[in-house]
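These notes concern the structure reproduced below.
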Amino acid sequence: MSKQIKIVRKIFTGLLVGVLLLLVTGSVAFALIWHSETLDTTRLTTMAQTATFYDSEQQTIDAHNAIQYCPIDQINPNCINAFIAVEDRTFYRHHGLSFPRIAKAVSNNLVAGYSKEGASTITQQLVKNTYLTNEKTLKRKLREAILALKVEQNFSKDQIIELYLNAIYFGNNVYGIANASEFYFQKTPAELSVAESAGLAGIIKNPSRYDPIAHHDNFRQRAHLILHLMHNQGLITDEVFKSAMDEPLTINTQENLWLGTNYQNMALKEAAQLLNLSENDIINYGYQIDTYYEPDKQQLLYDAMNNPEYNLEGEKFAMLSAPNGQVKALWSSTPTLLTARRNFGSTMKPLLVYAPALELGVVQPASLIDDAQLIDTDFNPKNSDGKYHGLVSVRDAIMHSYNIPAVKILEATTINSATNIANKMGLNLHDENLSMALGNTNAGTTFLELAGGYQTLANQGKYAPARFVRAIRDRKGQTVYFDLTNKYNYSPQAIAPDAAYLLTDMLVDTAKKGTARKLAMLNTEIAAKTGTTERENTDTNTDATLVSYTPQNVLIVWHGNASMKPENDLPHGANGGGRLAKAATQIHGVISDPDLHFSQPVSVKNINLDSLDYKNGKIKLANLATPEYETTPALFSTRYQPTTVSENYLMTTPTTIDGRVTDQNDTLLWFNVLPHQTYEIYRDDTLQSVIRNKHGVYTYTDKNPQTINHYHVTASINGDNPRPSNLIELRLPHNTKPITPRKAVENKRVPWYF
């Protein structure tokens, strides 16, 4: 027993010595830092650091980030109490540090096993925002504590809370209590109600999560939490508490949005992602952010989208970027749209259906699709005009936004293949189905993703995500980030230049004589696609979208129902090709150069169809109103160039095979298949198997191979003019089977279909 007591005593003594050493070491460090730290009071009185945003000409962006300083006697006392109740209830009793809060936080963090909560007082928060960097070290925490104590020695409590309220960040690029009161409630700090004061106090813990505009439910719930704290701490009476809890907390920023606010919000989000910091850190540590913002373009978007002649209903959005992804201007009537995921209807078809089909050679612009009723399928969409149009070209299908041809092309391409290619253009697709052919996606699409897809088309197939930030400097002026995307040509090739150009050429026709034909009055080459999203089982619309682009610019204009409440729907007649086209025409008319044209790559060839054997050398293309056929040259990718034509509605796409010998001395082959094609597997000159109505990766096992085997696969549509794959040789490891002499497979060009 005595031995156990001795062991316990040794352990206790060791712990005690360790604690004492820690205390001595900490005290020495504290003393050294105390004497080395000099409080520069001017840094407090000139307020905390804030991020600064610069436009493309290195001028500060005109928005509401210039702090309006508000003295404490012009702030409602209930507002001050709300912040004290939630941030530092002992503010008027401590001397800079709250040792009970520190002890409680340490205890809770030890129990949780991670840094669950902090113990910073309002004074410490002021010091952190004014003096310190974002490094998470013990030395920084000691400096914060020491400076907080020195602040308390030099300033009164009222001075500290005044400086604090004028420096903190309230989300949406709003700094200081005066700006926040004006931005969210169109009031001065003296006019704030108790509930509004609690709401503002709740934002600062996490400005993104408690954003009053984007996440109003979170904002309201946190305001109610703070009202409970104020009531429990005796800061408000029962009657005031009940009244404040019933207040609706209406946010109205419509008339108070500075022109550059939306752009700054997106630049702030991007800067935080680039530096792996919170948006609050970007603000508090005074980063300087250079952007691609052009004020004259921003004004142009605003004027066009709010032109009373166009009578654009509902909420509105407009974004202008370069094909390389640099965003020049962005305006939204409500910040919730900046990151919202929506379905943009037929505007998505070029990205989800036609770009993948062109990239894989499933179709070409002159390919004929049978626009007839879908059968043997659970998915039976109709065309918007309720009609069937017989054989139509892919060009016509895009131009008039027919649904049935889009479904058939997606089926032929396969959903998986189309999804993979669309994701390379910046979309975020998963678990999709055939409704993708109509522009619907499982999780919706953001405006930035939509822009990235069309920027890829305008950028010759190179994926160019939307970018706001050109460079970032810290508070000392040191560059910590610079956008090198264009300088070093970092943009990956999502689709080939020929696929991008062929699709662009068809969208140019859409702007001339298709659903976006109101843009035809522009004296410039422009590609465009419209989209309308209907509410199911109603005659109203939720979204009307028009995306248009030239060699210089990519423009998205949208109006619709941001809240998705049925009462806010657009009328049935509102669509992407109507009033929106007028707004787009106004914008493009100012910024577009009529002398610029899309550059046709060498991999795209014009073929005169009257030299091809189909219906006397003539093919029905654009003239759908009459049974006449017209002779015309057509564009083709040289990768999939035809030599004859057929009435089949899709082109034959070749396949590549691979294989190996199994442990059982069988041979195993695998290759990609499409459901509209027939595949024949050959070993030397002997047909082994025929595959139909399959898609994805197909595997085939030869149970009776020769010692030396030569395999190839042909792909065809209904067996006509098959195209051979590559030839592979597989040898068995043992000479147990007779060797069959190899018969050469002819290596000649086989005609393609369209």
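The values are calculated or read from the model by the stated rules, or taken from the named source; none is laboratory data. Keep in mind that what you see is a predicted model, and the values were worked out from it rather than measured. Every residue, glycine among them, receives a Cβ derived from its backbone with ideal geometry; neighbour counts consider all protein chains shown.
Results for (1) assigned to a strand (DSSP E or B); (2) surrounded by 18 or more Cβ atoms within 10 Å (Cβ to Cβ), shown as yes or no for each residue.
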position	(1), (2)
T653	no, yes
G659	yes, yes
L668	yes, no
H676	no, yes
Y679	yes, yes
N693	no, no
Y698	yes, yes
A715	yes, yes
P722	yes, yes
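Among the residues of segment 552-577, those that are on the phi < 0 side of the Ramachandran plot and surrounded by fewer than 20 Cβ atoms within 10 Å (Cβ to Cβ) comprise Q552, S563, K565, P566, E567, N568, P571, H572, G573. Out of all the residues in segment 196-207, which are of a type in the set (S, T, N, Q) and at pLDDT below 95? Passing the criteria: only N206.
Exactly one residue among Y210, Y184 is part of a helix (DSSP H, G or I), at pLDDT below 95, closer than 21 Å to T334 by Cβ and not acidic (D, E), and that residue is Y184.
Do we find a residue being hydrophobic (A, V, I, L, M, F, W, C) and over 22 Å from N306 (Cα atoms) anywhere in segment 331-341? For segment 331-341, residues hydrophobic (A, V, I, L, M, F, W, C) and over 22 Å from N306 (Cα atoms): absent. Among the residues making up segment 162-179, those that are in contact with a strand residue (DSSP E or B) (Cβ under 9 Å, 6 or more places away or on another chain), over 14 Å from E87 (Cβ atoms) and at pLDDT below 85 are N173, Y175. Being in contact with a strand residue (DSSP E or B) (Cβ under 9 Å, 6 or more places away or on another chain) and crowded, with 22+ Cβ neighbours inside 10 Å is a description that applies to L358.
Residues in segment 429-446 that are in a helix (DSSP H, G or I) and touching a helix residue (DSSP H, G or I) at 6+ places or on another chain (Cβ under 7 Å): L434, M436, A437, L438. Taking first residues from segment 405-427 that are in contact (Cβ under 8 Å) with a residue 60 or more places away in the chain and in the same structural domain as S367 (by TED's automatic domain parsing) and partners that are buried (at least 22 other Cβ atoms within 10 Å of the Cβ) and among the aromatic types (F, W, Y), the Cβ contacts under 8 Å between residues at least 6 apart in sequence or on separate chains come to K408/Y649; I409/Y354.
Checking each residue in segment 286-300 for being assigned to a strand (DSSP E or B) and farther than 19 Å from P323 by Cα picks out Q288, I289, D290. Could we say that N672 is in contact with a helix residue (DSSP H, G or I) (Cβ under 9 Å, 6 or more places away or on another chain) and not charged (D, E, K, R) here? Yes.
Among the residues of segment 535-545, those that are surrounded by fewer than 19 Cβ atoms within 10 Å (Cβ to Cβ) and touching a residue at least 24 places away in the same chain (Cβ under 8 Å) comprise R535, T538, D539, T540. Of everything listed in (1) at pLDDT 90 or above; (2) in a helix (DSSP H, G or I), the single unmet condition for R89 is (2). Evaluated against (1) at pLDDT 95 or above; (2) outside any helix (DSSP H, G or I); (3) of a type outside the set (G, A, S), P308 falls short on exactly one condition, (1). How many residues are under 23 Å from Q124 (Cα atoms) and among the hydrophobic types (A, V, I, L, M, F, W, C) when one looks only at segment 273-299? Of the residues in that region, 3 qualify.
When we screen G199, G171, G176 for residues that are touching a Lys or Arg at 6+ places or on another chain (Cβ under 8 Å) and surrounded by 24 or more Cβ atoms within 10 Å (Cβ to Cβ), the only hit is G199. Only residues that are surrounded by 18 or more Cβ atoms within 10 Å (Cβ to Cβ), modelled with pLDDT under 80 and either in a helix (DSSP H, G or I) or of a type in the set (S, T, Y) (or both) were counted in segment 113-142, giving 3. The residues listed here are T524, T550, T545, T540; of these, the one that is among the polar types (S, T, N, Q) and over 22 Å from Q298 (Cα atoms) is T540. Considering Q586, Q600, which residue is of a type outside the set (V, I, T), within 26 Å of K512 (Cβ to Cβ) and in a helix (DSSP H, G or I)? Within the list Q586, Q600, the selection yields Q586. Could you check, for segment 388-407, whether at least one of its residues is within 30 Å of S367 (Cα to Cα), in contact with a helix residue (DSSP H, G or I) (Cβ under 8 Å, 6 or more places away or on another chain) and surrounded by fewer than 18 Cβ atoms within 10 Å (Cβ to Cβ)? Yes, segment 388-407 contains a residue that is within 30 Å of S367 (Cα to Cα), in contact with a helix residue (DSSP H, G or I) (Cβ under 8 Å, 6 or more places away or on another chain) and surrounded by fewer than 18 Cβ atoms within 10 Å (Cβ to Cβ).
For segment 370-384, the criterion of being of a type in the set (K, R), part of a loop (DSSP other than H, G, I, E, B) and over 16 Å from the mean Cα position of the chain (by Cα) is satisfied by at least one residue.
Scan segment 449-459 and tell me whether some residue there is out of contact with any Gly (no Cβ under 9 Å at 6 or more places or on another chain), among the hydrophobic types (A, V, I, L, M, F, W, C) and assigned by TED's automatic domain parsing to the domain that holds L374. There is no residue in segment 449-459 that is out of contact with any Gly (no Cβ under 9 Å at 6 or more places or on another chain), among the hydrophobic types (A, V, I, L, M, F, W, C) and assigned by TED's automatic domain parsing to the domain that holds L374.
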